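Some notes on the structure that comes next.
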Amino acid sequence: MTAHPIQIPRSALAPARMRPEQGVRHTCAHCTLPVPDGLVEPGAERQFCCHGCATAYGVITSCNLAAYYDLLRRTSQERAPAKVSRRAYAEFDDPTFHALYCQPLPRDGGMLRTELLLEGVHCAACVWLVEKLPQLVPGVAEARLDLRRASVRVTFDPAQCRLSQIARTLDTLGYAPHPARAHGRHGTAGPSGGALGGSMTLRELRQIEDRRLLIHMGVAGACAGNIMLLFLAMYAGMFQGIDPAHEQLLRYASLGLTLVCLAWPGRVFLKSAIAAIRTRTIHLDVPIALGLYLGGIWGAYKTIAGSGDLYFDSITALIFFLLIGRFVQRRQQRSAGDAVELLFSITPTVARKLTDGDASHSTQDVPVEALSIGDVVEVRAGDCVPVDGTVYSGRADLDVALLTGESRPSRVSVGDAVVAGSVNLSGIIRVRVEATGEDTRIGTLMRAVEEASRRRAPIVQLADRWAGWLLVALLSLAALTVIIWWHESPTLAIDRAAALLIAVCPCGLGLATPMAMTVAIGRAARRGVLIKGADAVQALADARARGVVMLDKTGTITTGTLSLVRFEGDPEVLPMVAALESASSHPIARALSRSSSTLQTPSDITQHQGAGIEGTVGASRLIVGTRALLTARSIAIPTHIDHAAHRAVNDGLSPVFIAVDDRCVALAAMGDPIRPDAGPAIEALRQRGYHVRILSGDHPLLVRRVGAALGIAESDCMGGVTPEGKLAEVRRQLQSRPVIMVGDGVNDAAALAASTVGVAVRGGAEASLAAADVSLTREGLAPIVELLDGASRTLRTIHWTIAASIAYNIVAATLAVAGLISPLLAAIIMPASSFTVVAICLRSGAFKPARPPAQSPSAMPSRPLAEASA
Amino acid sequence: MSVIFLLIPLAFLLAALAVWAFVRSAQEGQYDDLDTPAHRMLLDDDRGPATVPGPSSTRQAESA
């Protein structure tokens, strides 16, 4: 990232999160990160690591909400969010925006309700703070946070407060809001927007489906429970005798409940089985439906006939257990789908269009969809660029981190190209529109993400792979039973066959995968590895020892933050440099000010935009900046400094020249250090048989250097790759083997979505988190090794559970064919197999810490230290 | 005539009532968000977070 010839404006906002190098004494009162020495305010009661944290702390405490910090420390090991975008959110007040995203509540006198997706919500303290919004913004009636979807539903009075005010408050607290655009807006919605237009959104449809599944589960549970009670009476009657009239009553009553259960919740199996037969893809639902409905119909006949064994209790319990498995599975998949919603909300929805031609000064807010090529839009400081285009007039510093992952702002002026999604940090520019919406670079990228996630072939569940064989085995066994018993009596033969179909119904098989996956994913989440779906676990296990692991460089292998790598010259100058640089908020300045502790305060400071800074520290006059700045002051650069500068450039570092009293005395080489655990993690991956490659947008030279440090062959280090190039490379590799892509930026998002399994590392852009199948909440690369190991262990667990349930089925089948099965025996064997499955899942070692003491309290105090050395 | 002929239909009626209540509440969205209430119930509006238990119990709530 250091090799780009980007002009560096000193006034730019620094990213809020910084890791200090040494001399840690204070921690930030808001986010608990250590405060850089240059920013420590002597004598102050509370210290802050950045302006954003100080503002957030101010807002929270001024509204008597300081209890938040108490709560955060008690309930979560996470930090308070400190990623503040400082956007103006002006478009949130636009009538078009209101029409699209706000829902009027006529019953509550002009109140509006809107849904916002929030970045950075993670724990109980976040719920508490976000739901205190009415206290923070007068006019807000209610705020309800949905933690899983990371969305807040805000009810507010537009007469008392503006939506932008609400958005800015949330942003100040570190929860950057985005409008909850309906998923699938791309390609379907016209200028009127798809959010509320006409029919239901995809999310509403899914909600209805979710509710239906829950209702089915509840009804099946009620039926199964009641039938169990009735059968308890009948089994007691079997041993102690029962009045025939009473038994008939119990039989009819349980028949009634079974019919309800089969006709209502059980219908899903029938439907799915019929669909499977139609498409000739046999899956587990076929043998299940066969057992359920044949058993039910035969049972109804036996009830009316007035004699014979009934298996209603087993049938309804089966339906209930299987629906539990489905519910659990669906909830997991749901969290995966929800995360993608945020992806479509990152570019702005409203643009300031210049009315009557280019020369006018009046602007009008229009929806982005209404813009056409050739229009001119104005982008003010704090705004997000809504379109791709060229700068028509003005100069500005843009934060292009969204697209490139580059943390340094880039300066644009007339004639430069700008891309949608970049944030204007300072200045006003007018942009001639060249592409809007889906045609923008970010739009294309996001569409690629969406397509890649949609097109990914669904992984066939292990149990379903065997369903065909199971069906054949079941049917031939049933036929065998009928043949064996036919000569005794045809009724008895059908009786035995029906008992077989019910007793051998693959309930344990249906439960095995969802249960094992749920346990594994839950455990992984507690270990800082968030897995979005069961298929990711299976794909990871399948990729074992033959997959290729593609690592992004900036922010993944390296820490992604600038710091001082080498210092050439008199080290005593460094504290003075640190003191001077503490006056600036530029990333390089921040990194330098962290590099040494100092108590000196600079004075008489002049900042040179994009070139450097000068000022007086103690008795010396310091100039710190580019070669051009020093040359402009006709300061000669000595030979050894010059050599050092060349070496730094060769090593991919940014040289910063330091002059004291008009003499160039030192050189600071700034760069992005490799994470300490990257080496061991990559070595561990290689040992497990994975091919490790680097895929980076950074300069090829720099990428090769990082690769060499980690023992990765030059041919495996790809540098200078565009986001589109990453996608192409992943697709190319996919043709021969599974690809595990690890990255952190929006530039990785498409590649993450296209890969077999995408892993987003901690601190990654929200879009990459949405596109990835797995996101890590723990720092570093070590969790990736854990993830791969855990996935293959989970698959082993699934194999065990399937083996166990098949063993039960074989026992049940043998008994049934031999005619030894009874309803009571079936009612015992069937739940026993399900419980065995659950027990095996709970006992499995997947995602358990390798050495239990590793997570003991001793790991806690070392955490800040580990980060300090990062 | 045994009393059970009355009691079983009566029990079914009660069960049907419970199922009806469940279906209604599910359709009204009471079970839509199963994660946040687990956290929300830990928070006390008036007395501040003093009553909030330690991290272990929250973890359980998350995994539940």
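Among the residues of the range B:24-61, those identified as modelled with pLDDT under 55, at negative phi and of a type outside the set (D, E, K, R) are B:P49, B:A50, B:T51, B:V52, B:P53, B:G54, B:P55, B:S56, B:S57, B:T58, B:Q60, B:A61. Among the residues of the range A:705-748, those that are hydrophobic (A, V, I, L, M, F, W, C), open to solvent by 10 Å² or more (accessible area, probe 1.4 Å), part of a helix (DSSP H, G or I) and touching a residue at least 40 places away in the same chain (Cβ under 8 Å) comprise A:V706, A:L727. Within the range A:544-577, the set of residues being of a type in the set (G, A, S), over 19 Å from A:V721 (Cα atoms) and at pLDDT below 85 comprises A:A545, A:S563, A:G569. Summed over the range A:139-152, residues that are within 14 Å of chain B (Cβ to nearest Cβ) and either open to solvent by less than 10 Å² (accessible area, probe 1.4 Å) or in contact (Cβ under 8 Å) with a residue 24 or more places away in the chain (or both) total 8.
Answer yes or no as to whether A:A275 is farther than 19 Å from A:L501 by Cβ and at pLDDT 90 or above. No, not satisfied.
Report, by residue number, each residue of the range A:778-818 that is open to solvent by 30 Å² or more (accessible area, probe 1.4 Å) and over 25 Å from the mean Cα position of the chain (by Cα).
A:R796, A:H799, A:W800, A:A803, A:I806, A:A807, A:Y808, A:I810, A:V811, A:T814, A:L815, A:A818
A:T155 falls short on exactly one of the conditions (1) away from chain B (no Cβ under 12 Å); (2) open to solvent by less than 50 Å² (accessible area, probe 1.4 Å); (3) not in a strand (DSSP E or B), and that condition is (3). When you check A:H608 against the structure, is it open to solvent by 10 Å² or more (accessible area, probe 1.4 Å) and either free of Cβ contacts under 8 Å to residues at least 60 places away in the same chain or out of contact with any strand residue (DSSP E or B) (no Cβ under 7 Å at 6 or more places or on another chain) (or both), yes or no? Judged against the criteria, A:H608 is not a match.
Would you please name the residue that is modelled with the highest pLDDT, looking only at residues in the range A:354-409 that are part of a helix (DSSP H, G or I) and closer than 30 Å to A:D744 by Cα? So the residue we want is A:V368. Of the numbered criteria (1) within 16 Å of A:A669 (Cα to Cα); (2) within 42 Å of the chain's Cα centre (by Cα), the one A:D570 fails is (2). Note on the range A:102-114: residues that are open to solvent by 30 Å² or more (accessible area, probe 1.4 Å) and under 30 Å from the mean Cα position of the chain (by Cα) total 2.
If you go through the range A:621-642 and keep only what is among the aliphatic types (A, V, I, L, M), closer than 17 Å to A:H586 by Cβ and open to solvent by 10 Å² or more (accessible area, probe 1.4 Å), you end up with A:A628, A:L629. Scan the range A:116-138 for residues that are open to solvent by less than 10 Å² (accessible area, probe 1.4 Å) and either under 23 Å from the mean Cα position of the chain (by Cα) or facing another protein chain (nearest Cβ under 10 Å) (or both) and the total you get is 10.
For the range A:819-828, check the following and say yes or no: at least one residue is within 30 Å of A:I674 (Cβ to Cβ) and open to solvent by 20 Å² or more (accessible area, probe 1.4 Å).
no
Would you mention how many residues in the range A:220-259 are of a type in the set (G, A, S), closer than 16 Å to B:L14 by Cα and at the interface with chain B (Cβ under 9 Å from one of its Cβ atoms)? Of the residues in that region, 4 qualify. Please work out if A:I319 is in a helix (DSSP H, G or I), farther than 13 Å from A:A499 by Cβ, of a type in the set (A, V, I, L, M) and open to solvent by 40 Å² or more (accessible area, probe 1.4 Å). Criteria not met by A:I319. Does A:G625 meet the test of being in contact (Cβ under 8 Å) with a residue 12 or more places away in the chain, small (G, A, S) and farther than 19 Å from A:P42 by Cβ? Yes, satisfied.
Determine whether the range A:517-524 contains at least one residue that is more than 30 Å from A:T316 (Cβ to Cβ), modelled with pLDDT of 75 or more and part of a helix (DSSP H, G or I). So far as the range A:517-524 goes, yes, one or more of its residues are more than 30 Å from A:T316 (Cβ to Cβ), modelled with pLDDT of 75 or more and part of a helix (DSSP H, G or I).
The values are calculated or read from the model by the stated rules, or taken from the named source; none is laboratory data. These numbers were taken from a predicted model, which means no experiment stands behind them. Every residue, glycine among them, receives a Cβ derived from its backbone with ideal geometry; neighbour counts consider all protein chains shown. Keep in mind that these areas ignore ligands, DNA and RNA; they rest on the heavy atoms of the full protein, side chains included. Shrake-Rupley method; radii C 1.70, N 1.55, O 1.52, S 1.80 Å.
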